[in-house]
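K.L.:
The structure follows.
The values are calculated or read from the model by the stated rules, or taken from the named source; none is laboratory data. Everything numeric here is computed off the predicted structure, so don't read it as measured data. Ligands, DNA and RNA are excluded from the accessible area calculation, which covers all protein heavy atoms including side chains. Shrake-Rupley method; radii C 1.70, N 1.55, O 1.52, S 1.80 Å.
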Amino acid sequence: MMNHLIARTGLRAATRTVHRTQRRKMGEGPFTDKMHVKKNKYVEEWNGRREITEKAFEVNPDSLPVILLFCVVFPYGIYALTRRELIIKGDPRFKNSGLA
């Protein structure tokens, strides 16, 4: 009986120390809990919107042209302009490849 009581007391003490070691201190920085940091409601709203972007994103006939413009046409335009500039300047990668 006495061994059981000692074992239970030791178990309780061990669980208390585990809870104390898991407390976070905001990145171990200079800020403590005593500073009473206030949350910025605009930052919290922005974070909330970022977390549900994949659920709120919709593709419909009105938004499809804009998506195609920024995901296909715009990157290809940058590629084509850069490639043309490298060919005009005489870049060795195009001289040796036989494309120019």
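K.L.:
Name the single residue that is farthest from the chain's Cα centre (by Cα) among those in the stretch 88-100 being of a type in the set (D, E, K, R) and open to solvent by 60 Å² or more (accessible area, probe 1.4 Å).
P.N.:
Result: 95.
K.L.:
Give the residue, chosen from 27, 90, 10, that is among the small types (Gly, Ala, Ser) and modelled with pLDDT of 60 or more.
P.N.:
Only one candidate qualifies: 90.
K.L.:
Being among the charged types (D, E, K, R) and either open to solvent by less than 100 Å² (accessible area, probe 1.4 Å) or outside any helix (DSSP H, G or I) (or both) is the filter; apply it to the stretch 38-87 and report the residue that is modelled with the lowest pLDDT.
P.N.:
Of everything passing the filter in the stretch 38-87, 38 is modelled with the lowest pLDDT.
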